[in-house]
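The values are calculated or read from the model by the stated rules, or taken from the named source; none is laboratory data. The shown structure was predicted, so the numbers you read here are calculated from the model rather than taken from an experiment. Quick reminder, even Gly has a Cβ in these numbers, built from the backbone with ideal geometry, and neighbours come from all protein chains shown. The accessibility values were calculated without ligands, DNA or RNA, using every heavy atom of the protein model including side chains. Shrake-Rupley method; radii C 1.70, N 1.55, O 1.52, S 1.80 Å.
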Amino acid sequence: MKRLFLPLAAGLLLAASCSTNTNDSRYSNTYFDYNLIIDNDNPDAAAQASYSGYDVTLYYTSGAVEVKGNDLIVNNQKYSFETDTMACGSYYFKALIDGVETSIGQTTFSKKGLVGTGAQVTNLKGAMIGMFAPATSDSLSSSFNIRLVERLDLNYTLANRYEVQTFWPSSLYLGQTYAYSTDGGSLSTRNTRYMVNVNFAQNKANVFIYNPELSSADNNLPKVIRIGDVPVRFNHDSYYLEADAPKTTVLGKRNNVPALVDSVGFQVENFSLRLISQDLTEAEISYKLQGKSVTFVGNCVPKPAY
C-alpha cells in the first residue's frame with residue numbers, strides 16, 4: 001500500500017508544469033507560527049519564542065513566491081518585512097509513516113543577501129512542508145491514524161543580529177523508542193508516539209505518551225500516559241523541557257467513562273526533551289518508568305526513508 005501527500009503549494013506547482021495557461025495565477029495563505037530567536041551578538045542571552053504571521057503568495061504558473069512577515073516582536077520591538085519575488089520549486093521523496101510508504105511533496109525557496117524591503121532580512125530559506133498530526137482530536141485515543149498538515153518552515157537572519165527559525169508548539173513525534181532495565185534487558189519499538197503541547201505564555205508543557213512499551217512481556221501498561229505542567233526552559237540556541245518528578249496521569253475510567261486518572265505505579269521520573277536539529281523538528285526524549293530507562297529519538301515531520 002502506498003500513500004501520497006502533496007501540499008497545496010506543491011500541487012499547484014505540479015499543475016503549473018502541465019498548464020498552458022499564460023496568466024500567472026496565484027495562491028495566497030497566511031501561516032501563524034512561533035519563532036525561535038537567537039541573539040548572535042550576545043552569547044549569554046537566552047533564546048526567545050515569539051508568535052507572528054507570514055503571508056505567502058505563490059505564483060504557480062511562473063513558479064515564484066513572495067513572503068511578507070508581520071509584526072515579529074523581538075525585545076519589545078516589532079519587525080515586518082516583504083521579500084522580493086523568489087523562484088521556488090517542488091521536489092518529492094519517499095517516507096515510511098506507520099510502516100506505509102508515502103510520497104511526500106515539498107515546495108522550497110531561498111534567497112541569499114538582502115531579501116526585500118522593511119526590516120533588514122537576509123539569507124532566507126523556506127519551505128511548505130508536511131507535519132505529523134493525529135487524525136482525531138481525541139487526546140485519549142491511542143489508536144489514531146496519522147495525517148499530514150501543511151506548515152511553513154522559515155529560517156533567516158534579522159537586523160544582522162538575530163537568527164529566526166519558525167516552529168510549532170504542538171508537535172507529534174514518531175520514531176524509535178528504546179527501553180533498558182538494570183538487569184540488561186532491552187526493547188526497541190516504533191509503536192510509541194509522543195504528542196507535545198507547549199504553552200509559552202505559562203512556559204509549561206503537557207506531553208502525551210501513546211502506546212508505551214518497556215519490554216515484550218509488558219501487558220499491563222496504560223495505553224496513554226500524560227505528563228503535565230513540565231517546565232519550559234531556554235538556553236542560548238533552543239528551548240527544552242525538564243522535570244524530575246512531573247505530575248503523571250494515565251488513561252483509566254471515571255464513572256465508566258474513559259478519563260485521565262492519577263497514576264499508581266506509573267509515575268514518570270527524570271523527564272527531559274531536547275530539540276536536536278537546527279530546524280527544531282527532531283527531538284530526543286528520555287525518562288524513567290517503572291525503574292526502566294527510556295530514550296526516544298524521532299521527528300515531527302517526515303524524513304526520507306531512502
(request) Could you figure out which of (1) under 15 Å from the mean Cα position of the chain (by Cα); (2) part of a strand (DSSP E or B) isn't true of Val230? (result) (1)
(request) Quick one: Thr189 ticks every box in (1) open to solvent by 30 Å² or more (accessible area, probe 1.4 Å); (2) more than 24 Å from Met128 (Cα to Cα); (3) not charged (D, E, K, R) except a single one, so which number is it? (result) (1)
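Only one of Ser52, Ser62, Ser80 is modelled with pLDDT under 95 and at negative phi; which? Reasoning before the result, please.
On the way: Ser52 fails: modelled with pLDDT under 95; Ser80 fails: modelled with pLDDT under 95.
Answer to the check: Ser62.
This table checks each residue for (1) surrounded by fewer than 14 Cβ atoms within 10 Å (Cβ to Cβ); (2) at pLDDT 90 or above; (3) closer than 30 Å to Leu251 by Cβ.
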site	(1), (2), (3)
Cys88	no, yes, no
Tyr91	yes, no, no
Thr102	no, no, yes
Gly116	no, yes, no
Leu140	no, no, yes
(message) Can you report the number of residues in the stretch 85-102 which are of a type in the set (Asp, Glu) and either touching a Leu at 6+ places or on another chain (Cβ under 6 Å) or closer than 30 Å to Asn42 by Cα (or both)?
(response) 0
(message) Quick test of your reading of the structure: Asp153 fulfils all but one of (1) crowded, with 20+ Cβ neighbours inside 10 Å; (2) not in a strand (DSSP E or B). Name the failing condition by number.
(response) (2)
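Look through Leu124, Leu72 and report the one residue that is in contact with a Lys or Arg (Cβ under 6 Å, 6 or more places away or on another chain), modelled with pLDDT of 95 or more, open to solvent by less than 10 Å² (accessible area, probe 1.4 Å) and in a strand (DSSP E or B). Show your work before the answer.
Values: Leu72 fails: in contact with a Lys or Arg (Cβ under 6 Å, 6 or more places away or on another chain).
Just a single option satisfies the conditions, and that option is Leu124.
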(request) Tell me, yes or no, whether the stretch 193-212 has at least one residue that is within 19 Å of the chain's Cα centre (by Cα), surrounded by 21 or more Cβ atoms within 10 Å (Cβ to Cβ), farther than 19 Å from Ser293 by Cα and polar (S, T, N, Q). (result) no
(request) Look through Asn160, Asn220 and report the one residue that is in a loop (DSSP other than H, G, I, E, B), closer than 30 Å to Ala64 by Cβ and open to solvent by 30 Å² or more (accessible area, probe 1.4 Å). (result) Asn160
